[in-house]
Amino acid sequence: MRSAGVLAFAACVAWAFAAGAQAAETHSNQTFSSRALLGSGNGQMLLKADQIDYDLHTAISTAQGHVEIDYNGRILTADRVIYDKNRDTVTAVGHVVMMAPNGDVLFAEQAQLTDQMKDGALKSFAALIGQNGRFVGAGATRVGGVRTIITRGAYTPCKICDKPGERTPEWQVRAAHVVYDEVHHRIFYRDAVVELEGVPVFYTPFFSHADPTVRHESGLLTPDFGHKLLLGTFVKVPYYIAFNDSQDATVQAMASTFGGEQLAAEYRQRWETGGMWLQASVADDPHAGATENLNQLYASLFGSGDIPLSQVWHFGYTAQITSYASYLQRYGISNLDRLNNQLFVEADSGRSRFAITGYFFQGLRTTDDNNLFPVVLPLIEYNYVPRALLLGGDFRFDVTTIAISRRIGEDDQRLTGEMRWNFPFVFDDGELLTIQTDVRGDLYHTSDVNAFGPTGLPDNQYITRGAPYVALDWRWPFVSPGFGGMNALVVEPIAQVIGAPYGDNPAGIPNETGYSVLPTGPRITDFQLDSTNIFDPDRSSYHDLVQSGPNANAGIRTQALFPTGSVDLTVGEAYRLKTDPIFAPDSGYDGTRSDIVSSLVVNFPPNISISDRIDVDSSDGSLERNEASVNAIYGRSSLQVSYLKLPSEEVTLELPPREEVKAQLLLGLWGNWLAFAAGQRDLQASHMISDEFGIGYDDECVGLSISYERNFTQFRELVPSTSIVFRFTLKTTEVPAQRSGIFPQNLYAATPL
């Protein structure tokens with residue numbers, strides 16, 4: 001039962017008095033027991049009062065003094081309840097309260113109900129609908145048990161403080177005529193006025209919205225408006241469409257004084273084992289081009305999905321497409337400068353997997369040439385992992401084939417097969433020794449190798465490779481009771497020895513893992529040795545170039561466990577007999593001895609989390625790389641700070657030397673007021689990259705904010721810009737519906753305006 005269970009209390013009250021009257025037919029003008037338990041086929045009713053009178057001649061029953069009627073969880077209380085059997089009317093007088101099992105409550109000074117309480121009139125009406133909906137009115141009329149018509153009524157979802165001077169809600173709708181349709185869960189107004197803090201701010205002759213128990217409702221969302229240097233003054237008006245509990249869409253129209261018009265749409269759907277979303281946009285810019293007088297049409301498509309086809313098979317995609325390189329940043333859709341598109345179909349059975357995938361990339365940087373970007377179609381992967389052990393160890397068999405093509409440049413195909421077997425030994429003193437064997441074979445076909453000039457290699461050839469290795473992994477964890485408030489202290493030394501032949505990367509092997517092949521030969525350009533891969537026997541983690549030759553790793557892991565959190569420290573270093581040319585100088589592993597890498601993680605949820613990853617040059621002790629972050633929460637305030645230092649040699653990733661810091665602060669002020677600030681600064685160049693600050697107010701009823709944003713960098717033809725954005729929301733629903741993507745402002749389930 002929803003609110004109808006309160007406002008249409010069924011015929012139980014009338015039946016109760018009738019039953020009481022029949023039990024007293026032989027007693028004229030008598031006073032009966034103040035407590036009666038009555039029953040029927042529909043359940044039992046408890047009728048309580050200080051006294052119950054029945055007039056045999058007029059067939060009028062009267063219950064007086066603390067009257068309470070309880071029928072199947074529905075409760076009616078009043079000072080006095082009168083039932084006229086001949087007229088089939090029930091009159092409740094004095095502090096009338098009706099309560100439904102779902103929590104809805106109705107109040108009135110007097111209620112006169114007819115037709116088994118389906119129709120009637122209520123004086124000095126008030127009601128609580130759902131968790132936060134509140135009605136008041138001079139009077140109300142019940143029609144058919146499903147509709148309530150309120151005279152001189154008002155509705156608000158805001159809490160009302162019962163203190164002098166604080167009884168005005170933050171916002172409410174007043175109207176001369178209000179209709180509450182309980183079947184369709186909708187509230188209609190005529191001659192409505194929206195008030196903020198008791199001040200009228202908006203009038204409409206007709207207005208409607210869903211009642212607060214509705215989770216999804218189609219309608220107009222609160223607009224956004226502001227000013228951006230690249231767009232001018234703008235306004236965004238979103239419209240929300242609720243198909244059902246698992247499907248919705250949002251359509252947003254934007255108009256601006258300098259950026260023209262934009263229309264964007266988002267569709268979302270969820271399944272029990274998957275989901276999908278799509279965001280499409282189109283814009284007409286009348287001020288494009290260097291002279292700012294060309295008319296340009298833009299479009300974009302973003303989305304992702306994992307769609308179940310059966311219990312085993314599922315289909316998925318990632319979409320990131322734009323028709324113009326600077327469109328996404330100009331209109332604030334995304335800051336991505338390289339886009340990744342993916343389609344796949346996949347089957348998962350037990351611990352095994354089969355997948356067919358295709359990739360398409362789009363570069364937006366001025367240095368990008370999309371003719372050189374690869375198209376991957378298809379990538380076929382099969383991973384077989386049996387449930388049972390093989391010879392006492394874990395076994396895995398992988399087969400991969402891939403075809404890569406370009407408009408301009410080298411094309412290649414690869415077929416790879418790999419088998420891996422792990423066998424652990426646990427000694428009586430706690431030592432753990434794991435043997436891992438890996439055998440891999442590759443078959444390559446390359447073409448158009450000399451598209452950009454002579455390389456000394458055949459233009460069309462087949463290449464084979466075998467890349468086996470054997471690894472021994474030794475660990476010996478020690479556990480002590482701890483000290484200084486610790487529950488326990490864990491110390492685990494680790495040592496690894498890997499035996500592999502040299503020459504696992506023959507001439508002609510394509511290097512699809514990096515963006516370029518250096519004159520010195522193929523090289524992994526985006527590998528960085530750190531604490532996450534220091535103990536990987538095959539740390540290259542790539543299918544093209546592999547680490548070769550004997551090598552070893554050594555380090556230690558420690559963990560201090562406290563009642564409310566933990567502190568983890570990992571330190572490691574790698575060694576080999578000869579240098580491996582596939583590792584770049586900035587990787588931390590280009591010599592016979594790697595940099596010393598470490599990570600420190602301090603985690604005391606939910607208040608503080610600290611992490612720091614450091615890369616130190618083992619030859620001179622200089623700090624090569626440092627990544628640190630701090631996340632702290634205290635009450636309604638939070639702080640996030642991150643620091644990044646990259647080595648000067650990292651130009652292979654098309655990045656200059658970098659040292660920068662980012663910070664985000666959310667500060668809880670008085671009451672429900674919040675202040676927020678964010679910034680990103682390039683310490684190497686001593687200038688700001690971006691900053692933002694603002695102030696906002698947020699409670700269960702109203703949300704508003706004003707923010708100032710400044711971008712100090714230039715992207716293609718887009719100059720540094722400034723934005724001022726104002727957002728305002730009147731909340732009417734109980735259940736938040738988080739939005740995403742190009743509609744970040746719509747933080748609540750839709751309510752029509």
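The values are calculated or read from the model by the stated rules, or taken from the named source; none is laboratory data. Source: prediction; values computed, not measured. Cβ sites come from the backbone with ideal geometry, for glycine too, and all protein chains shown count toward neighbours. When the accessible area is computed, the model is the full protein with side chains, heavy atoms only, and any ligands, DNA or RNA have been set aside. Shrake-Rupley method; radii C 1.70, N 1.55, O 1.52, S 1.80 Å.
In the range 59-71, is there at least one residue being under 41 Å from the mean Cα position of the chain (by Cα) and open to solvent by 10 Å² or more (accessible area, probe 1.4 Å)?
No, the conditions are met nowhere in the range 59-71.
Mind checking which residues of the range 428-449 are more than 27 Å from Phe395 (Cβ to Cβ) and surrounded by 14 or more Cβ atoms within 10 Å (Cβ to Cβ)?
Selection gives His445, Thr446, Ser447, Asp448, Val449.
So, of the residues in the range 177-206 that are farther than 14 Å from Gly133 by Cβ and under 32 Å from the mean Cα position of the chain (by Cα), which turns out to be surrounded by the fewest Cβ atoms within 10 Å (Cβ to Cβ)?
Filtering the range 177-206 for residues that are farther than 14 Å from Gly133 by Cβ and under 32 Å from the mean Cα position of the chain (by Cα), the one surrounded by the fewest Cβ atoms within 10 Å (Cβ to Cβ) comes out as His184.
Does the range 416-432 include one or more residues that are among the basic types (Lys, Arg) and at pLDDT 90 or above? Step through it out loud before you land on a result.
Step one: of the range 416-432, the residues among the basic types (Lys, Arg) are 420.
From the residues that got through so far, the ones that are at pLDDT 90 or above too are 420.
Scanning the range 416-432 turns up at least one residue that is among the basic types (Lys, Arg) and at pLDDT 90 or above.
Here are Leu457, Leu391, Leu372: which of them is under 30 Å from Ile494 (Cα atoms) and at pLDDT below 90? Full working, then the answer.
Details: Leu457 fails: under 30 Å from Ile494 (Cα atoms); Leu372 fails: under 30 Å from Ile494 (Cα atoms).
Step by step, each of Leu457, Leu391, Leu372 is checked, and only Leu391 is under 30 Å from Ile494 (Cα atoms) and at pLDDT below 90.
Residues of the range 51-65 being assigned to a strand (DSSP E or B) and either within 15 Å of Ala92 (Cα to Cα) or out of contact with any helix residue (DSSP H, G or I) (no Cβ under 6 Å at 6 or more places or on another chain) (or both), which ones? Spell out how you get there, then give the answer.
First, the residues of the range 51-65 that are assigned to a strand (DSSP E or B): 51-55, 60-65.
Those that are assigned to a strand (DSSP E or B) and either within 15 Å of Ala92 (Cα to Cα) or out of contact with any helix residue (DSSP H, G or I) (no Cβ under 6 Å at 6 or more places or on another chain) (or both): Gln51, Ile52, Asp53, Asp55, Ile60, Ser61, Thr62, Ala63, Gln64, Gly65.
For the subset of the range 604-620 comprising residues that are open to solvent by 50 Å² or more (accessible area, probe 1.4 Å) and part of a loop (DSSP other than H, G, I, E, B), which member is nearest to Phe562 (Cα to Cα)?
If we take residues in the range 604-620 being open to solvent by 50 Å² or more (accessible area, probe 1.4 Å) and part of a loop (DSSP other than H, G, I, E, B), then Pro605 is nearest to Phe562 (Cα to Cα).
Is the range 385-398 home to any residue that is among the small types (Gly, Ala, Ser), open to solvent by less than 70 Å² (accessible area, probe 1.4 Å) and in contact with a Leu (Cβ under 6 Å, 6 or more places away or on another chain)?
No: the range 385-398 contains no residue that is among the small types (Gly, Ala, Ser), open to solvent by less than 70 Å² (accessible area, probe 1.4 Å) and in contact with a Leu (Cβ under 6 Å, 6 or more places away or on another chain).
Looking at the range 105-131 only, could you name the residues that are within 23 Å of Pro212 (Cβ to Cβ), touching a Lys or Arg at 6+ places or on another chain (Cβ under 7 Å) and surrounded by fewer than 23 Cβ atoms within 10 Å (Cβ to Cβ)?
Leu128
Take the residues of the range 580-603 that are open to solvent by 50 Å² or more (accessible area, probe 1.4 Å) and of a type in the set (A, V, I, L, M, F, W, C): which is farthest from Leu561 (Cα to Cα)?
Among those that are open to solvent by 50 Å² or more (accessible area, probe 1.4 Å) and of a type in the set (A, V, I, L, M, F, W, C), it is Ile596.
May I ask you to list pairs of residues, at least six apart or on different chains, whose Cβ atoms are under 6 Å apart, with the first in the range 353-365 being closer than 26 Å to Val312 by Cα and the second being part of a strand (DSSP E or B) and aromatic (Phe, Trp, Tyr)?
Phe354/Tyr382; Ala355/Phe344; Thr357/Phe344
Kindly indicate which of His177, His209, His184 is within 23 Å of Ser705 (Cβ to Cβ) and not aliphatic (A, V, I, L, M).
The match here is His209.
Could you tell me which residue of the range 307-349 is most open to solvent (accessible area, probe 1.4 Å), considering only residues that are over 30 Å from Ser721 (Cβ atoms) and not in a strand (DSSP E or B)? Steps first, please.
Pass one, the range 307-349, residues over 30 Å from Ser721 (Cβ atoms): 307-317, 342-349.
Checking which are not in a strand (DSSP E or B) leaves us with 309-312.
Details: Leu309: 111, Ser310: 63, Gln311: 189, Val312: 59 Å².
Here the residue is Gln311.
Among the numbered criteria (1) free of Cβ contacts under 8 Å to residues at least 40 places away in the same chain; (2) at negative phi; (3) in a strand (DSSP E or B); (4) open to solvent by 60 Å² or more (accessible area, probe 1.4 Å), which single criterion is violated by Ile150?
Among (1) free of Cβ contacts under 8 Å to residues at least 40 places away in the same chain; (2) at negative phi; (3) in a strand (DSSP E or B); (4) open to solvent by 60 Å² or more (accessible area, probe 1.4 Å), Ile150 violates only (4).
Inspect the range 112-120 for any residue being assigned to a strand (DSSP E or B), touching a His at 6+ places or on another chain (Cβ under 9 Å) and either within 26 Å of Cys158 (Cα to Cα) or modelled with pLDDT of 80 or more (or both) and give the result as yes or no.
Here is the first cut: in the range 112-120, the ones assigned to a strand (DSSP E or B) are 112-114, 119-120.
Checking the rest, the ones that are also touching a His at 6+ places or on another chain (Cβ under 9 Å) come to none.
No: zero hits.
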